[in-house]
1. Can you list, shortest first and in nm, the gaps between the label point of B:Asn300 and those of its counterparts in the other copies, using a point 7 Å from Cα in the C-beta direction?
2. Apply the Kirkwood formula to segment B:225-331: the hydrodynamic radius equals the inverse of the mean of 1/r over all pairs of different alpha-carbon atoms; give it in Å with one decimal.
3. Would you kindly derive the ³J(HN,Hα) couplings of segment A:96-109 from the backbone phi angles with the Karplus curve 6.51 cos²θ - 1.76 cosθ + 1.60 (θ = phi - 60°), listing them in order in whole Hz, with x for Gly and Pro?
4. Taking a label point 7 Å out from Cα toward Cβ, give me the nm distances from A:Gly328 to the same spot in the other copies, shortest first, one decimal.
5. Rank the residues B:Leu275, B:Leu245 as a footprinting-exposure proxy: fewest other Cβ atoms within 10 Å of their Cβ go first.
6. Tell me, rounded to the nearest percent, the portion of alpha carbon pairs in chain A spaced more than 32 Å apart.
7. Could you list, bin by bin from short to long, the percent of Cα-Cα pairs of segment A:290-368 in 5 Å steps?
8. 222 nm [θ] for chain A, helices only, -39500 (n - 2.57) per DSSP H run of 4+, per residue, to 500?
Protein chains: 2
Amino acid sequence: MKNFYISKSRRVRSTPFTKKIEEQGVKSYTVYNHMLLPTTFSNVDDEYLHLKKDVQIWDVSVQREIEISGRDANQLVQLMTCRDLSSSKVGSCYYVPLIDSSGGIVNDPLIYKLEDNIWRVCIADSDVLLYAKGIADGKKLNVKIFEANIDTIAVQGPKSFKLMEDIFGNDITKLKFFKYDFFKFKNNKFLISRSGFSKQGGYEIHVDNAKDGLELYDHFFDIGKKYNVKPGAPNHAERIEGGLLSYGNDMLISDNPFECGFEKLVHLNSDVEFLGKENLKKIWDNGIKRKLMGVKINSNNINLMNVDLLNSNKEVIGDLRSAAYSPGFKKIVGIAMINNDFCKNNKTFSINLNNKFIDGEICVLPMT
Amino acid sequence: MKNFYISKSRRVRSTPFTKKIEEQGVKSYTVYNHMLLPTTFSNVDDEYLHLKKDVQIWDVSVQREIEISGRDANQLVQLMTCRDLSSSKVGSCYYVPLIDSSGGIVNDPLIYKLEDNIWRVCIADSDVLLYAKGIADGKKLNVKIFEANIDTIAVQGPKSFKLMEDIFGNDITKLKFFKYDFFKFKNNKFLISRSGFSKQGGYEIHVDNAKDGLELYDHFFDIGKKYNVKPGAPNHAERIEGGLLSYGNDMLISDNPFECGFEKLVHLNSDVEFLGKENLKKIWDNGIKRKLMGVKINSNNINLMNVDLLNSNKEVIGDLRSAAYSPGFKKIVGIAMINNDFCKNNKTFSINLNNKFIDGEICVLPMT
């Protein structure tokens with residue numbers, strides 16, 4: 001595949017760390033929430049292996065944080081998601097599909113409850129700010145909604161725990177998955193959560209002061225040599241294998257949460273009011289016809305996009321939504337939306353690649 | 001400046017024309033509405049001169065079209081904009097700032113009235129779909145809102161009229177500015193508007209059938225040699241000189257329409273209801289403190305981003321939002337948000353570029 005350059009502009013925002021990661025040799029970007037997201041420093045295969053073995057520092061400032069506060073903030077946040085938040089607690093984060101009134105997925109953020117009626121919504125790639133503002137304006141809710149001036153560093157990989165302990169002390173490793181707390185570095189306290197877009201373990205550091213964040217960023221590399229720390233980025237093969245979905249790739253507003261495997265996060269029998277409730281009930285009663293599943297394809301072609309999955313009669317049984325070469329499985333791993341009849345582990349299919357049929361098999365997520 | 005590659009994925013959508021423009025030698029992209037927007041084929045200076053002299057074909061499919069229809073469609077579209085649409089007509093397009101309840105700019109689309117209660121909103125780079133859905137869900141409006149499957153080809157430049165006449169006949173040149181109609185090519189009718197993101201004249205062709213659109217695309221190059229037709233893209237220097245604002249670059253949700261020079265499109269004394277009306281009245285009564293103006297800077301540095309404008313005492317008087325080298329003016333042209341006191345033609349300022357002060361002057365838009 002030919003490579004193309006990215007044109008920078010103010011509209012495609014840089015982060016406080018952009019200058020640094022360019023000095024560190026970033027090669028490519030994508031754009032996410034109107035902001036630059038680094039994608040590779042060396043090559044994705046080496047980065048996959050390194051992420052699974054050591055520790056990486058990621059500039060994931062693109063996970064913009066929409067702050068929703070005010071008397072009706074709890075109500076507004078609940079209106080947007082099918083997950084019952086009535087027993088949510090300060091100090092926890094929650095993975096919540098955001099849903100529109102027809103039951104389509106608008107975004108799949110991690111949301112942080114900072115105080116009663118103060119939330120931070122760490123968004124995937126769609127303008128949740130505008131959705132929240134629209135609902136609030138339409139319902140005349142008493143809320144304040146804005147994009148907080150927060151940039152996120154992720155520390156991911158099996159050695160992230162040791163590296164973080166060296167900086168923040170033992171308390172950081174006591175933090176449980178999807179919990180957050182405040183931790184001190186020099187004179188500053190950072191909100192840090194045990195979370196991140198990999199299955200290798202790690203933390204996300206929510207930087208509300210760029211100067212301090214840059215000092216911390218440098219510090220990771222100053223002291224992290226013994227853990228073989230490197231700059232990195234979310235790795236598609238790793239996150240596909242781990243079953244971490246990517247909004248815009250694997251799911252869109254035209255998909256509903258049942259199709260995306262979120263049954264356990266759709267609380268139709270709860271007392272809480274949310275926008276898609278009525279239509280999600282109908283969808284549930286009618287049953288879904290397709291579902292996201294993992295796939296493995298016997299190929300090392302890294303440019304699989306807009307590909308149909310075919311059964312033995314060459315009929316379309318699904319569409320491939322994400323794909324990447326996995327150095328672990330030594331084949332392409334992917335996520336596909338697949339007709340019910342074929343949503344079984346080990347079912348085989350083929351794809352037509354330049355008039356050559358290539359075999360694959362369906363598998364559960366996360367992949368084993 | 002070092003160049004970086006763009007990483008493609010399903011989330012950053014290709015258009016029906018992407019394959020063709022890559023064969024035609026596109027060099028770089030930006031991402032706009034979660035989709036690829038070509039930015040250069042040769043170099044932006046040559047493309048500036050060519051656009052002003054001949055005719056270019058642009059793949060501007062990123063101008064996604066949000067269709068809003070149903071019993072309350074007129075009401076919803078009006079709620080989103082400060083421009084009074086009560087006398088709007090089928091066959092016309094309207095440039096309308098979309099506004100949130102606090103008076104901030106959400107987007108600046110061109111909207112097409114297709115029928116009473118059927119609109120297409122051709123959006124700049126923010127998810128207007130989610131804003132519209134939020135309002136509709138909040139107010140329980142009877143509307144259908146979706147992103148239409150439409151991709152846009154722009155034909156821009158002084159020779160666009162002759163080229164279009166050769167294909168669509170004399171009627172196309174009778175079409176007045178910001179009007180649209182349906183025109184036949186082979187067996188298909190295309191919605192074509194006299195519009196486009198340049199000041200060189202031209203048309204936008206709204207393609208609702210990719211196969212037919214691709215045939216038309218090829219036809220432009222088959223018959224357009226005598227007009228020196230070339231593939232192209234919106235040109236920053238040209239559009240800055242012309243005073244065409246770019247959402248995300250020149251203005252954001254933190255700016256209000258008065259600051260952006262849209263006074264004539266803010267109808268506070270009309271009878272129509274829109275979301276920002278109350279707060280825009282307050283802003284108008286209090287008066288604004290800054291305004292978008294043109295700037296010319298005595299430099300050929302093409303990487304001016306996040307730059308402050310300084311007065312003779314080196315105090316900040318504004319911030320530069322767009323900048324590009326203009327082969328016409330032989331200096332940098334830009335758009336900046338400038339404190340009221342300095343919003344005068346020919347006022348001088350300086351910028352600090354790597355500890356060297358460079359002079360510039362403020363000017364009205366469009367530039368002369």
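Read-outs throughout are calculated quantities, based only on the coordinates presented, and are distinct from any laboratory measurement. Everything quoted here is computed from the prediction, not taken from an experiment. Positions of Cβ are generated from backbone atoms using ideal geometry, with glycine treated the same way; all protein chains shown enter the neighbour counts.
1. When each copy's label point is compared with this one, the spacings are 4.6 nm.
2. Details: mean 1/r = 0.0599 Å⁻¹.
16.7 Å is the Kirkwood radius here.
3. Calculated HN-Hα couplings, in order: 9, x, 8, 10, 8, 5, 8, x, x, 7, 9, 4, 9, x Hz.
4. Those separations, rounded to one decimal, come out as 5.6 nm.
5. Working: B:Leu275 25, B:Leu245 22.
Ascending number of Cβ neighbours within 10 Å: B:Leu245, B:Leu275.
6. Working: 23745 of 67528 pairs.
Result: 35 percent of Cα pairs exceed 32 Å.
7. 3, 18, 33, 28, 15, 4, 0
8. Details: 9 runs with 79 residues, N = 368.
Value at 222 nm, helices only: -6000 deg cm²/dmol.
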